[in-house]
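See below for the structure under consideration.
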Protein chains: 2
Amino acid sequence: MNAPQDQQAFRLVGTSPIRPDGVEKVTGKAVYGPDFTMAGMLHGAILRSPHPHARIRGINTRKAEALPGVKAVMTGKDFPEVEGEVAGGEGGAANLGHIARNCMAREKALYDGHAVAAVAATSKLIAEQALALIEVDYEVLPHVIEAAEALAPDAPLLHDDVFTKGLEETPERPSNLSMRFVIDRGDPDAALAGAAIVVSGSYSTQPVHQGYIEPHAAVASWNGDGQAQIWSSSQGHFMVRQTTANLLGMNLADLRVTPLEIGGGFGGKTAIYLEPVALLLSRKAGRPVRIAMRREDVFRATGPAPGSEIEIKLGTDAEGTLVGAVMEFRNRAGAFPGGDVSLSAMMALAHYRCDNVRITGWEVLVNTPSTAAYRAPGAPQTVFAVECCLDEIAQRLGMDPLDLRLKNAARAGDPGVFGMPLGEVGYAECLEAAKAHPHYSAPLGPNQGRGIAGGNWMNYGGPSTASVSLAEDGTVLVATGSPDIGGSRASMAIIAAETLGIPYENVRVTVADTASLGPSMLTGGSRVTFATGKAVIDACEQVIETLKQRAAAMFGATPQEIEWRDGAAFCTAEGKSDQKATLAELAAKADHSGGPIAKMVGTFVPGHLPGSGVHICDTEVDPETGNVSVVRYTVVQDVGRAIHADYCEGQLQGGAAQGIGWALNEAYVFGPSGKMDNAGFLDYRMPVASDLPMIDTVMVEVPNPNHPFGVKGVGETPIVPPLGAVANAVSRATGVRMYDLPLTPDRIRATLQAAQ
Amino acid sequence: MNAPQDQQAFRLVGTSPIRPDGVEKVTGKAVYGPDFTMAGMLHGAILRSPHPHARIRGINTRKAEALPGVKAVMTGKDFPEVEGEVAGGEGGAANLGHIARNCMAREKALYDGHAVAAVAATSKLIAEQALALIEVDYEVLPHVIEAAEALAPDAPLLHDDVFTKGLEETPERPSNLSMRFVIDRGDPDAALAGAAIVVSGSYSTQPVHQGYIEPHAAVASWNGDGQAQIWSSSQGHFMVRQTTANLLGMNLADLRVTPLEIGGGFGGKTAIYLEPVALLLSRKAGRPVRIAMRREDVFRATGPAPGSEIEIKLGTDAEGTLVGAVMEFRNRAGAFPGGDVSLSAMMALAHYRCDNVRITGWEVLVNTPSTAAYRAPGAPQTVFAVECCLDEIAQRLGMDPLDLRLKNAARAGDPGVFGMPLGEVGYAECLEAAKAHPHYSAPLGPNQGRGIAGGNWMNYGGPSTASVSLAEDGTVLVATGSPDIGGSRASMAIIAAETLGIPYENVRVTVADTASLGPSMLTGGSRVTFATGKAVIDACEQVIETLKQRAAAMFGATPQEIEWRDGAAFCTAEGKSDQKATLAELAAKADHSGGPIAKMVGTFVPGHLPGSGVHICDTEVDPETGNVSVVRYTVVQDVGRAIHADYCEGQLQGGAAQGIGWALNEAYVFGPSGKMDNAGFLDYRMPVASDLPMIDTVMVEVPNPNHPFGVKGVGETPIVPPLGAVANAVSRATGVRMYDLPLTPDRIRATLQAAQ
């Protein structure tokens, strides 16, 4: 480990102090999206299309408007016509016209559950009664759910203004193929032709949901002069401000967005659905409006991760060195462009060195909800295929699967996806740690199999703003623009307290609203601890500089003669080395030594590095029922530097649990009518605590040399390996390779029977 | 006018753009103290003492606690014992034990309406029913309302731990005289002995209320881990944080205070009453609690301005030059120390040059509500006596009263109250402007008289924090910690837009909560436009520096080669003088040119200067009824530099209106039982629009050389002269000098009859 700071030097980094927002959350005091309320607030409800594909010939809202208690009714026509793109999150639509039409259908309803009208009324009951009075004149159109259907020659077209992007030639006709993305390095065809071993396969994954507990909710209040406020739970209130203001043609400063607590996001709250609808209703009604989704709405009308079909061919030499790879995959984006295709392509082989690669990704539009980011968006699908293929190669070579990966692991200095040299990726270190882990050598029982898989996530840095200010008693307020999803209040407090040299409990962290702080990119990309943490460090350093100046003036010394350590200014000037002032003492004197001490830093943080992981999974497959039990699971991951150890560990466990659900149980099920058949947590089967063993974790620390504390992103990588790890474990337990997720009992039984 | 910047150079300063919070306020959307609501919130109610002075032998809350729906009952014993002082506002108590006991009585109830217990329940009705079930065992004690009663040898003592401060010798016994404050310069006795003219008199004023429209209200939520939040309307949420946290022994960072809109303060919301009570109830109940006062509570239990009795003797030479002054006054502080005595003494003669002065102020404790700041706290009372005395001198000398004042006006360089040279006080300029005003030479009708009076307020600077951040579209967010009472969102937006060179509408100003910004002193002392405005300018200048750096990097120039004007960076480097980038262009590129642009500045702003004023008042006195009509009124004031012209004018008009009410109508009336007899706006007679003529204003601008825009404080000075101006006008209309306020018809009739 080449730590930029010796671990010994840390006082708080790497510990696990109590979460400052924990008590508030477990006692029900925290205000989440649906909890926020205002005097005079109206209740909104949304009418949703019962058809997966239908032209909207007209909407008659008169009866609804006449219902006593109804204060506003709106349709897609209330959205202004806007053009251009908005800087999006990790995935999802960027075209403003598409975002507006996803928030509320205009010319056509494009999926079952697509919003077509909305009502604001004095009670939720009245609002829902009013929905039943809205008459929509639909011309029902044929729909497509699967990629093959969408690409059939006579397939109905979702959009007549979407042309395939990324082709050599500009297409002449609109298409349900909205994008092609290609990575092409070396000569993969020749390499595969000369390879000792070539393994190929057709893999598939289904759309899966992020499964956050809290449904989307927003309160909006439009002012008579065109200014407005929104209170909502999201992964980025600056994103909410920018997208909503752009959709409605507002100045950004005229829209104040206040973040509420977020009950899980996992990428699914990087897009907006309700905010502009609530705001337009509020403008019509002249009163604040709250809209909250039901669980069914969340499933039917917010973005899952895209399902994908992946053709893969990998070749190695006789010793297992990867010589060539060709992949082609199709991600189903849902009703609007934005299906993680470029990310799927970039991440597929990012953790391996391979000089001859061609990856072709296609984005297909189908009549299902527009997809959104889901934790390491795009990576799990393609990495699943790669890791299964590698497992098969290891079996063919009779090689330990970790050794095969160690041989091919991408290392610092290797060329990355686009040929640029990689930084300290830490994958080999994880593979070594996995080999050394007792789990890997533990004996297996009957019908059990052990699978391993690797993967990584690029992580991100980007723009963050943070402020640090001293209260009069020397306690410290940190404000950031990053919604706290994974415990960032705790990690930011650790970072600030570590930098300033004061107790953790003396620092309180707030997620500030858009009017009180400069912009920050949303909480996503595993960027917050890295990038927002860096902004906090920078602001603390500025505070320390000011504290040194104040102390110097007090001691009759120069700032250069002041040393800051252990939360105090020590004078090093000759004859004054007994002079000392603590942060609290300097804060108490701040007013009369120059004024309050408060700094705000906006920074675009470069130097992010991927975090790599290896998962070890033991499954037991019931040969009679096809049921799979995960009996042991270990996550090994390079976390760069764990700031809050427990929350790092929690990220590793949570990502693994979600990935296991993706592998074993979860899928959107659409019947022939194109309606989602399992729009609820009873039918959409996510793993619960009793489904899983305790997930063991090993945090490898290969510090990021570009960050003062060595931080890398942590939250997304752990969802990447489980699909392959579980499938490999099942394949090894059954002796039959598994290509299609989820590995439900019926499917396994069918696969086993077919193999016999 | 020695403007630091030529008025011509200003684009926005001095204009009157639309108030950014105006529509919100006139349409009822703005959230004031009593409007704020939360899910699960309880309703608080306070039991108040029916006795002006009583020992509390015990409080039995069991029956109240047993009432269904009651979730918490508290008494003064729930407050922790705390010691020490808190930095107060402009006036009012600073001793923590006193503040706690004013919020809720402990050993004794000290005035009619003093809080003795509080209840939180699921409805306001239940809370009020529960109050009736609380049994308080009072030992009723004799009470004192007037100073003479409080100082009688056998007077009941309010506190046995209050000893007179400011005496030469440490007093041995506790006293109702809580403070003496003396100003002593030159040899006033000798000067008066040698004066050509000596005029003396005994003047009195009554306690008067600030008369804000919105009653006090607070919502508090105590968290299980000791952190807490408060939402309240006040003149300073950082003051609320500091005082409440100190009262309850909390770290400041653990208490987040979010300011709500304030419906008037005028000094009366520089103290806290409800916040710690709501917070302790919330701690007991485990749920958020709202308490809102009724109007009666506001009158009975919040602080009015102290009533005062003033003995004065002024002497001049034969030409009217002031040679000596001796004053002694007693301010009635109410139940706890803090009665503006030092301010009354300092302001009495601050607008005149007089080298031989002795002013002795006494603070007297009586069984009435603890007084609080009221617009220029302490000044109106003593200046009233001075200005009446000067009027009498002018009459004796047969001199024009403005000329007399011009002869004696304090000017830049003269010694101030404590002998320090004065800055650009602008009083003479106001007197000249008054002389030149058509009002001053207009003819008077029968039974009419014209009074003039001057006065000033020291104003203040002090600590303020402000942040300025750029949204991605180049609109600008300014956050300050100064609650907007008099239109400061508009003036801060003007200041920022002027500094940055962008349109007014592109700047939005927020009053940020205590977690999102460094500390600011409260909105008071006429300090916000001056001091917070300076912090905004400083933050804008830092933003401009950063914009220049970004532009320089873009142009391939140095920051020194960039000129910022008209909201854009212009390159002055050779051969690149055509290069230009607007703020919006630079903001759009901020992320990738170094990150979001956002700056926070905390500063202690020195260089404040007093603002002087002269008022001209014409009254008509009905000889039969004694009723006084103000028939014409003109305010002339040195505003330094008007930032928002209309709101400056509004301050001048509002201060005059309040001063006229103080002079003519307003007074706390206590019956023999010691209860306030007029605790409501029907009986406490403030002037309404139909009582007053349109108040004319003349804004003289003698810019403050210590401020970039020349700003002085504006808001408090205009309440200082009216008491004298009205009394002088009535005296001149009737030919009889008036010594006692308010000049109610019955009192005038009695005075006139006695004089006949």
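Brief remarks on what is shown
- Each Lys and Arg adds +1 at its Cβ and each Asp and Glu adds -1 at its Cβ; summed about the Cα centre, the protein assembly as shown shows a dipole of about 1940 debye.
- Averaged over B:28-38, number of beta-carbon atoms from partner chains that fall within 10 Å: 4
- Applying 1/(1 + (r/R0)^6) with r as the Cβ-Cβ distance of residue A:295 and residue A:196 and R0 = 41 angstrom yields a FRET efficiency of 0.20.
- For the range A:286-306, backbone nitrogen atoms closer than 16 Å to the point 7 Å from residue A:213 Cα along Cα-to-C-beta are found at A:295.
- Proximity of backbone amide H atoms, modeled 1.01 Å from N, is registered between residue A:165 and A:179, A:180 at under 5 Å, excluding neighbours fewer than 5 places apart on the same chain.
- With both labels modelled 7 Å from their Cα along Cα-to-Cβ, the residue A:420 to residue A:83 distance reads 3.2 nm.
- Neighbouring Cβ atoms from other chains, within 10 Å of the Cβ of residues in B:516-525, number 5 on average.
- Debye equation applied to the C-alpha atoms of the range B:445-565, log10 I(q)/I(0) at 0.17, 0.22, 0.23 Å⁻¹: -0.85, -1.19, -1.26
- Stokes-Einstein diffusion of chain B at 25 °C, 0.890 mPa s viscosity, Kirkwood radius from Cα pairs, rounded to a whole number: 90 µm²/s.
- Working note: 222 nm ellipticity from helices only, DSSP H runs with n ≥ 4, each -39,500 (n - 2.57), summed and divided by the residues of the protein assembly as shown, gives -8000 deg cm²/dmol to the nearest 500.
- Over the protein assembly as shown, the pair-distance histogram of Cα-Cα distances with 10 Å bins from zero comes to 1, 8, 14, 18, 18, 15, 11, 7, 5, 3, 1, 0, 0 percent, rounded to whole numbers.
- Across the range B:416-539, the relative contact order, built from alpha-carbon pairs under 8 Å that are at least six residues apart, equals 30 percent.
- Value of relative contact order over chain B, rounded to a whole percent, pairs C-alpha under 8 Å and six or more apart: 16 percent
- Reciprocal mean inverse distance between Cα atoms of the range A:190-342 - Kirkwood radius, Å: 18.4 Å
- Reciprocal of mean inverse Cα separation for the range B:102-185 (Kirkwood radius, Å): 16.0 Å
- Summary of packing: across the peptides B:646-654, B:311-319, A:450-458, A:169-177, the per-residue average of other C-beta atoms within 10 Å ranks them, highest first, as A:450-458, B:646-654, B:311-319, A:169-177.
- Taking amide H positions as modeled 1.01 Å from N, with prolines and chain starts lacking one, the residues under 5 Å from residue A:324 and 5 or more places away or on another chain are A:315.
- Charge tally for residue B:108 (other residues, Cβ to Cβ under 15 Å; Lys, Arg +1; Asp, Glu -1): 0.
- Estimated FRET transfer efficiency (residue A:23, residue B:128; beta-carbon r; R0 41 Å; 0.05): 0.85
- DSSP-loop trypsin sites (Lys or Arg not before Pro) across the range A:394-428, with at most 16 other Cβ within 10 angstrom: A:411
- Phi angles across the range A:141-150 convert, under the Karplus curve 6.51 cos²θ - 1.76 cosθ + 1.60 with θ = phi - 60°, into 3J(HN,Hα) values of 10, x, 10, 10, 10, 8, 4, 4, 5, 5 Hz, Gly and Pro given as x.
- Of the chymotrypsin sites (Phe, Trp or Tyr not before Pro) found in the range B:285-358, not one falls in a DSSP loop while having at most 14 other beta-carbon atoms within 10 Å.
- For residues of B:588-596, the mean tally of beta carbons on other chains within 10 Å: 6
- What the pair-distance distribution of the range B:393-478 shows, using all Cα-Cα distances binned every 5 Å from zero, is 3, 9, 15, 15, 12, 10, 7, 7, 7, 6, 4, 3, 1, 0 percent.
- Kirkwood-type radius of the range B:559-655, with distances r between different C-alpha atoms, in Å: 19.5 Å
- Residue A:317-residue A:355 FRET efficiency (beta carbon distance; Förster radius 22 Å; 0.05 resolution): 0.95
- Taking 0.36 nm per residue of separation and subtracting the current Cα-Cα distance, fully stretching the chain between residue A:740 and residue A:67 would add 237.2 nm.
- Largest-first ellipsoid semi-axes for the range A:51-169, taking √(5λ) over the Cα gyration tensor eigenvalues, angstrom: 31, 18, 12
- A simple spin-label model places the labels of residue B:173 and residue B:592 8.3 nm from each other, with each point 7 Å out along Cα-to-Cβ.
- Listed peptides B:61-68, B:509-516, A:71-78 by packing density, highest first (mean Cβ within 10 Å): B:509-516, A:71-78, B:61-68
- Sorted from shortest to longest, the distances between the residue A:182 label points of this copy and the other copies are 9.7 nm, with each point 7 Å from Cα along the line through the beta carbon.
- Hz values of 3J(HN,Hα) by residue in the range B:659-667 - Karplus curve (6.51, -1.76, 1.60), Gly and Pro given as x: x, 5, x, 4, 6, 9, 10, 7, 5
- Using the Karplus relation 6.51 cos²θ - 1.76 cosθ + 1.60 with θ = phi - 60°, the per-residue 3J(HN,Hα) values for the range A:17-24 come to x, 5, 5, x, 9, x, 4, 4 Hz, with x marking Gly and Pro.
- Distances between every pair of Cα atoms in the range A:369-524, grouped in 5 Å steps from 0 to the bin holding the largest one, split as 2, 7, 11, 12, 13, 11, 11, 11, 9, 6, 4, 2, 0, 0 percent.
- The simple spin-label model puts a point 7 Å past each Cα toward its Cβ; for residue A:140 and residue B:39 those points are separated by 3.7 nm.
- Sorted peptide list for B:147-160, B:30-43, criterion being average Cβ within 10 angstrom, highest first: B:30-43, B:147-160
- For the range A:178-271, projected area of the alpha-carbon convex hull averaged over all directions, nm²: 10.6 nm²
Computed from the coordinates by the stated procedures, all read-outs in this text should not be read as laboratory data. These numbers come from a predicted model, not from an experiment. Positions of Cβ are generated from backbone atoms using ideal geometry, with glycine treated the same way; all protein chains shown enter the neighbour counts.
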